[in-house]
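Each remark here refers to the structure printed beneath this line.
The values are calculated or read from the model by the stated rules, or taken from the named source; none is laboratory data. Being a predicted model, the structure only gives us computed values, none of them experimental. Here the Cβ positions follow ideal geometry from the backbone for every residue, glycine too, while neighbour counts run over all protein chains shown. Each accessible area value is taken on the protein alone, full model and side chains, heavy atoms only, with ligands, DNA and RNA left out. Shrake-Rupley method; radii C 1.70, N 1.55, O 1.52, S 1.80 Å.
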2 protein chains.
Amino acid sequence: MKTLIVYAHPEPRSLNGSLKDLAVSTLRQAGHEVRVSDLYAMRWKAAADAGDYGPSASSPLRVAADSGRAFDTGNLTPDVRAEQEKLLWADLVIFQFPLWWYTMPAILKGWFDRVFTYHFAYGVGEHNDVKYGERFGEGTLAGRRALLSVTAGGPESHYAERGINGPIDDLLFPIQHGILYYPGLEVLPPFVLYGADRLTREDFPDIAKAWQERLLTLDSTEPIAFRRQNAGDYEIPSLHLKEGLEPAGRSGFRLHVRP
Amino acid sequence: MKTLIVYAHPEPRSLNGSLKDLAVSTLRQAGHEVRVSDLYAMRWKAAADAGDYGPSASSPLRVAADSGRAFDTGNLTPDVRAEQEKLLWADLVIFQFPLWWYTMPAILKGWFDRVFTYHFAYGVGEHNDVKYGERFGEGTLAGRRALLSVTAGGPESHYAERGINGPIDDLLFPIQHGILYYPGLEVLPPFVLYGADRLTREDFPDIAKAWQERLLTLDSTEPIAFRRQNAGDYEIPSLHLKEGLEPAGRSGFRLHVRP
């Protein structure tokens, strides 16, 4: 298995750094190939702007159209092209990051903003009566898998069904469904560590064991059953879920997971 | 009214740029004071790192604790201190940005990651049997209001109750509740423009009229009725919503809005 780890934390000796290191060693020892995009070490540029599109940048700038033209003509900057190439190389992409303000750090958001260009991650495929582009289950990255490994400062109860932060699956939905599933990645259930601010060195052996178990059983792990956009569950072009498909009482983001 | 506009788009002649300009002129003509943080023009640094905390950065770096100590001792960088000062000056904060991958652009996330430090935006207040810190309705920014003005590429139906992207209120919940309401800002209902990728110059007069109407009626606009953490609706310290408080059939993020 070829695994790309995209890692976003400023401190190598952090819990996130340790989980990244453990993933690298565990997967390599199991015979897998591993590449790492360490965004802080790479000094990854977070803000998408005209400089990303070289001679394909129009004036005024049009982010979607210009990024697509830059992708088509090979005018994207080398840092972005390298990440797209890594994604096409990988069978599995692991994202290792802390939840900062309930979502990913800016440097990682900037990786998606700049690497997931038009014609690469969106604006792919035809639109017709039965198909609204290739997305949500189809697309450039179809056939590959993704996994979030995240740390959360607060205790698990705050992220539970009735918890004040909102349920963790709903907090991660815009990433797992909106960003990863959109260009076709199948998303495995996340590995979440709660109460990260209160963990000590003594807690790490148990954490390491749980993370290694997840890493060594990924082949037999079923992805989250997001509904495929073009497989009959949605009206086109409104992309409303067809009436009657949801289990009783389910609403919001959960409509888009098959029962 | 003192209004801070935090604006995140790389192209001044974009729809987002026009909406920001219109907000400035409309509010000033109505007699309000306006300041603008134009993050691209400011070349805002997006990635939080040890450099933000000066001599308060420890080794290994601890983002929460170190940012709090840097805040307490005045060691935060001048760019961050300037934004905190603007927030304390403002009665209202407007955030103008495009939805990129269903949330804010990286440069704006980096504004929150760096400006919303420990002891300023979180880690405020005592923890005891009836209070779990000052947050979700209390905190440093209590008594002020916030408003998201966002553009979305896709059509409105995709963001509707049964739409494939998920309902817009749920997509914005981690920002409106998790980031803005957390340090005490009261959040006004968002101004959302859909189908932004297909809008033309001819559409702008109607858009401008709708935006001006919102801007000139903010005083009489009721904020979203998020539940206050320490007002009796939650068990402490689990922060589970107490049983029986939700309307029938409501789940997920919607539990945290009063009926």
Exercise for review: Give the stretch B:11-43 a look and list any residue that's open to solvent by less than 30 Å² (accessible area, probe 1.4 Å) and either within 14 Å of chain A (Cβ to nearest Cβ) or closer than 15 Å to B:Trp111 by Cα (or both), or say none.
Suggested key: B:Glu11, B:Ser14, B:Asn16, B:Gly17, B:Ser37, B:Leu39
Point to revise | Residue that is surrounded by the most Cβ atoms within 10 Å (Cβ to Cβ), among those in the stretch B:49-68 that are part of a loop (DSSP other than H, G, I, E, B) and among the small types (Gly, Ala, Ser) | key: B:Ala57
Check your understanding: Filtering the stretch B:69-120 down to residues that are farther than 16 Å from A:Trp101 by Cβ and in a strand (DSSP E or B), which residue is farthest from the chain's Cα centre (by Cα)?
Key -> B:Trp100
Exercise for review: Inspect the stretch A:168-186 for any residue being open to solvent by less than 20 Å² (accessible area, probe 1.4 Å), within 14 Å of another protein chain (Cβ to nearest Cβ), outside any helix (DSSP H, G or I) and in contact with a Pro (Cβ under 7 Å, 6 or more places away or on another chain) and give the result as yes or no.
Suggested key: no
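A quick yes/no check of all residues on (1) surrounded by fewer than 20 Cβ atoms within 10 Å (Cβ to Cβ); (2) within 9 Å of chain B (Cβ to nearest Cβ); (3) touching a Ser or Thr at 6+ places or on another chain (Cβ under 7 Å):
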site: A:Ala82; (1), (2), (3): yes, no, no
site: A:Gly143; (1), (2), (3): yes, no, no
site: A:Ala146; (1), (2), (3): no, no, no
site: A:Ser149; (1), (2), (3): no, no, no
site: A:Arg162; (1), (2), (3): no, yes, no
Point to revise | Residues that are in a loop (DSSP other than H, G, I, E, B), open to solvent by less than 40 Å² (accessible area, probe 1.4 Å) and either of a type in the set (A, V, I, L, M) or over 22 Å from B:Pro247 (Cβ atoms) (or both), drawn from the stretch A:233-252 | key: A:Asp233, A:Ser238, A:Leu239
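B:Leu255: within 11 Å of chain A (Cβ to nearest Cβ) and not in a loop (DSSP other than H, G, I, E, B), yes or no? Spell out the reasoning first.
Details: within 11 Å of chain A (Cβ to nearest Cβ): yes; not in a loop (DSSP other than H, G, I, E, B): yes.
It is true that B:Leu255 is within 11 Å of chain A (Cβ to nearest Cβ) and not in a loop (DSSP other than H, G, I, E, B).
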**Study point:** Meets criteria (surrounded by fewer than 22 Cβ atoms within 10 Å (Cβ to Cβ), among the hydrophobic types (A, V, I, L, M, F, W, C) and facing another protein chain (nearest Cβ under 8 Å)) for B:Ala46
**Key:** no
Exercise for review: Name, by its number, the condition in (1) closer than 25 Å to B:Gln229 by Cα; (2) open to solvent by less than 30 Å² (accessible area, probe 1.4 Å); (3) not aliphatic (A, V, I, L, M) that does not hold for B:His127.
Suggested key: (2)
